[in-house]
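Structure first, then comments.
Nothing in this text is a laboratory measurement; each read-out follows from the coordinates by a stated rule. Because the structure is a prediction, the values reported are computed rather than measured. Virtual Cβ from ideal backbone geometry, glycine too; neighbours counted across all protein chains shown.
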Amino acid sequence: MSLVDSRTVISEVDPRDPAQRYLNRESSWLAFNRRVLDEALAPHNPLLERVNFLAISANNLDEFFMKRVGGLQRQLAAGVTKLSMDGKRPLEQLQMIRAIVLQEAAEQADLLVETLIPELHEQGVHIHGWAELTAAQRDWVTDYFDKMILPILTPLGVGPGQPFPFISNLSLSLAVLVRRHGERQPRFARVKVPANRPRFIQVPDELTFVRLEEIIAHNIGRLFVGMEIIEATPFRVTRNADLERNEEEADDLLEMIEEELRNRRFAPIVRLETVDTISEELLAWLIQELGVDSARDVYQSRAPLGLADLVEIARLDVPVLRFNTPAPVLHPRLRPQDSEHDAGVDLFSVIRQGDLLVHHPFQSFATSVLALLQAAAVDPHVVAIKQTLYRTAPNSPIVAALLKATEEGKEVNVQVEIKARFDEANNIEWVRRLESAGAHVTYGFIGLKTHSKTMLIVRDEPEGTRRYVHIGTGNYHTGTARLYTDLGLFTCDPALCQDVADLFNYLTGHSAFSDYRKLLVAPVNMRRRFLEMIRRELEHAAAGRPGRIIAKMNQLEDQEIIDALYEASQGGVQIDLIVRGFCCLRPGVPGLSENIRVMTIIGRFLEHSRIYYFGNDGRPEYYIGSADWMSRNLDWRVEAVTPIESPALQKELDFILRTVMNDHAQAWDLHADGTYVRRRPRRGKGSQAQFLKHYHKL
């Protein structure tokens, strides 16, 4: 397997110092988000795709503040002095985060104001302020305000007998300063910008848009009749979503999560965002009323707030400004043989003929994973379906198929993870619908999240009962299946099917089974088996044989795994890591990690597949599954990673890894000092473009 050697070796790191052996998780994550922003900055990307990357980077920051900053602030408030892997206390990390975010947010604002909005204007897409509208456009916008916005607005004054209103997470508001005629002292008020209207209001028959808050601000006098409007300025708050949870004392896990969702609405504020034109008086009032730290929690911008809403602009149907992305193709083995009569394929027969590996989004999710479940739901020979659901789409056809299977009288068991962050409410709704239909629904362990991507179908056949299994790297989500790169294995291998059956018994019946034949299951045997395979490569290298590891994942943080990789590197094992997000391993350090290379890919699709390769002295082993090399995945989640044993499918994985590792268009290399550097020279098509071409040729 060929590779690109782009190591940078430095000598400043002391490998004996624990604080220098690892990279900081938070700064590494922010570096990932900076790479996303770089795609928005890149002029070679289509214009609306650049807008989309900017929206993604803003949404990522929102979630980072809710999860990571919120957690660190909670630690700080509790007096926690625990050090991060690189030796930083919570306060030090918060200070580091603020410095990075201030720079990143400034770049986001500059990009939008100075580059994207002017370039959109050149292409006939206009995001106008009130002053830029024509008289006719103002008339239309005013009429829209009167009919569609004004009836749902509620001005909330603040003063004696009128406490400061609750501000919900990520909601956009206007802070208003008004004065009654004849009074010297101004009064404060808040107007919430309604979330049930588009953020960008489109003028009919034109590609001209006006921000909703701008429309409200320029008509704010309609809400404060007879008062002088001194100022009306947007602001936005972010609340902590990393709340403490005592699952051991919960009598009902579902009720506990519902209570947590209610409590999350009132969680502490971890960020106050305002535009930089806000007056000192109004800002001081917000800081006081919201109880935020003026030096730590306040972020001001020259750009509109809530840039994640730019997705509304990014989705415009202007093909010339979008990626030309072909529709997913059918896997060759799933194509109808009788094209004249468009006869469908028998998916069960295809799987019986041999294991099948599908690569999304290049190959269709709808005609593979979804089609198998839909076929099973109505197949009279199918007697049972078992499935895990971590995240799924609104109006999910996956859930619809499970409901149909229940109606057809099949035994349906669904493990719905109600603790999936930010999808709790959605998943609770699915629990209730499935339970109402008669499905057997379980929804998690105390202290563990079920993150595995597994489906088991039991079918009566002439030879006897047979089981069919799907094990994937991505969620059963039709939306993300079009945007994330993921892999899925379809098999009826008896040993692997029995392993998955034992896994479901573990999930639903709290079985203590631990002797899995092939499957790597967290938190049961996965950590141990990965460490054994890393050390086996070290033994090969020590005996003079090639030692080789290639691993592709979303994040790398687990200290025991990192230390094992360091040890393997020192023993001569060649290691290539493809890590999309944060990576706490420091590559290229003499005496520590000089044989480890770390790269990442940022492209039109989110890299999400997990692939693990161990050379094993010419008897290679390949694995795919749901788990990253993170402590949470190995110890605190139920995960499933499956071996890929078919030589043909191993060849497919080898092709995927080689293509990614030799990417010179979308690849970045992690250097020992923690910086990511885009590969130079940039040449050829990126790996994702190559996959699109490759699978359309099959």
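Which distance in Å, rounded to a whole number, links the C-alpha centroids of segment 75-115 and segment 599-652?
31 Å
Given R₀ = 51 Å, what would the calculated FRET efficiency be for residue 407 paired with residue 14, taking r from the Cβ atoms and rounding to 0.05?
It comes out at approximately 0.20.
Cut-off is 10 Å between beta-carbons; in what order do 432, 548 appear when sorted fewest neighbours first?
Ordered from fewest to most neighbouring Cβ atoms within 10 Å, 432, 548 come out as 432, 548.
Suppose R0 equals 35 Å; then what is the FRET efficiency for residue 461 and residue 513 from their Cβ-Cβ distance, rounded to the nearest 0.05?
The computed FRET efficiency comes out at 0.85.
Filter the chymotrypsin sites (Phe, Trp or Tyr not before Pro) in segment 95-183 to those in DSSP coil with at most 11 other Cβ atoms within 10 Å of their Cβ, and list the result.
Those satisfying the criteria are 166.
Assigning unit charges at the beta carbon (Lys, Arg +1; Asp, Glu -1) and nothing else, what dipole magnitude in debye, to the nearest 20, does the chain show about its Cα centre?
Dipole magnitude for the chain comes out near 740 debye.
Of 404, 147, 386, how do they rank once you tally other Cβ atoms within 10 Å and put the fewest first?
147, 404, 386
Using the crude model of +1 on Lys and Arg Cβ and -1 on Asp and Glu Cβ, and no other charge, please compute the dipole size for segment 520-697 relative to its Cα centre, in debye to 20.
900 debye
Would you calculate a helix-derived [θ] at 222 nm for the chain, using -39,500 (n - 2.57) for each DSSP H run of n ≥ 4 and dividing by the full residue count, to the nearest 500?
-10000 deg cm²/dmol
Taking segment 352-461, which chymotrypsin sites (Phe, Trp or Tyr not before Pro) meet the DSSP loop condition and have no more than 11 other C-beta atoms within 10 Å?
none
Taking +1 at the Cβ of each Lys and Arg and -1 at the Cβ of each Asp and Glu, which of 577, 288, 161 sits farthest along the dipole of the chain towards its positive end, judged by Cα position relative to the Cα centre?
577
For the chain, find the longest principal axis of its Cα atoms and tell me its angle to the long axis of helix 135-144, 0 to 90°, nearest 10.
Taking Cα atoms only, the helix is inclined about 70 degrees.
With the cut-off at 1.5 for a/c, could you classify segment 130-319 from its C-alpha gyration tensor as rounded, prolate or oblate?
Since a/c reaches 1.5 but b/c is at least a/b, the shape of segment 130-319 is classed as oblate.
For segment 25-105, build the charge dipole from Cβ charges (+1 Lys, Arg; -1 Asp, Glu) around the Cα centre, then report which of 101, 81, 66 sits farthest towards its positive end.
So the residue we want is 81.
Roughly how many debye, to the nearest 20, is the charge dipole of segment 130-319 about its Cα centre, given +1 on each Lys and Arg Cβ, -1 on each Asp and Glu Cβ, and no other charges?
Dipole magnitude for segment 130-319 comes out near 900 debye.
If you take the charge dipole of the chain about its Cα centre, with +1 on Lys and Arg Cβ and -1 on Asp and Glu Cβ, which of 170, 202, 487 is farthest toward its positive end?
The listed residue farthest towards the positive side: 487.
(i) 78, 71, 58; (ii) 89, 65, 56; (iii) 98, 59, 48: which one is Cα extents along the principal axes in Å as calculated from this entry?
Looking at Cα extents along the principal axes in Å for this model, the match is (ii).
Sort 518, 697, 449 so the one with the fewest other Cβ atoms within 10 Å of its own Cβ comes first.
697, 518, 449
For the chain, which span is the longest to avoid every loop-located (per DSSP) member of GluC sites (Glu not before Pro) having at most 11 other Cβ atoms inside 10 Å?
Answer - 464-698.
Going 7 Å from the Cα of residue 446 toward and past its Cβ, which residues in segment 476-512 have a backbone nitrogen under 18 Å from where you end up?
Taking a point 7 Å out along Cα→Cβ of residue 446, the residues of segment 476-512 whose backbone N falls under 18 Å are 506-512.
Tell me, in nm to one decimal, what length is gained between residue 80 and residue 532 on full extension, where the rule is 0.36 nm per residue of separation less the Cα-Cα distance?
Using 0.36 nm per residue and subtracting the Cα-Cα distance, I get 159.3 nm.
At R0 = 35 Å, how high is the FRET efficiency between residue 324 and residue 426 if r is their beta carbon distance? Nearest 0.05 is fine. Walk me through the numbers before you get to the answer.
Values: r = 32 Å, r/R0 = 0.91.
Using R0 = 35 Å, I get an efficiency of 0.65.
Determine the shape class of segment 50-153: with a ≥ b ≥ c the square roots of the Cα gyration tensor eigenvalues, call it rounded for a/c under 1.5, and otherwise prolate if a/b is greater than b/c, oblate otherwise.
prolate
Compute the Cα gyration tensor for segment 600-698, then decide on rounded, prolate or oblate, letting a ≥ b ≥ c be the square roots of its eigenvalues: rounded whenever a/c is under 1.5, prolate when a/b is larger than b/c in the other cases, and oblate in all that remain. Don't jump to the answer; show the numbers that get you there.
Working: a/c = 1.75, a/b = 1.19, b/c = 1.47.
Oblate is the answer for segment 600-698, as a/c is 1.5 or above yet b/c matches or exceeds a/b.
Gap in Å between the Cα centre of segment 16-68 and the Cα centre of segment 472-526?
About 30 Å separates the Cα centre of segment 472-526 from the one of segment 16-68.
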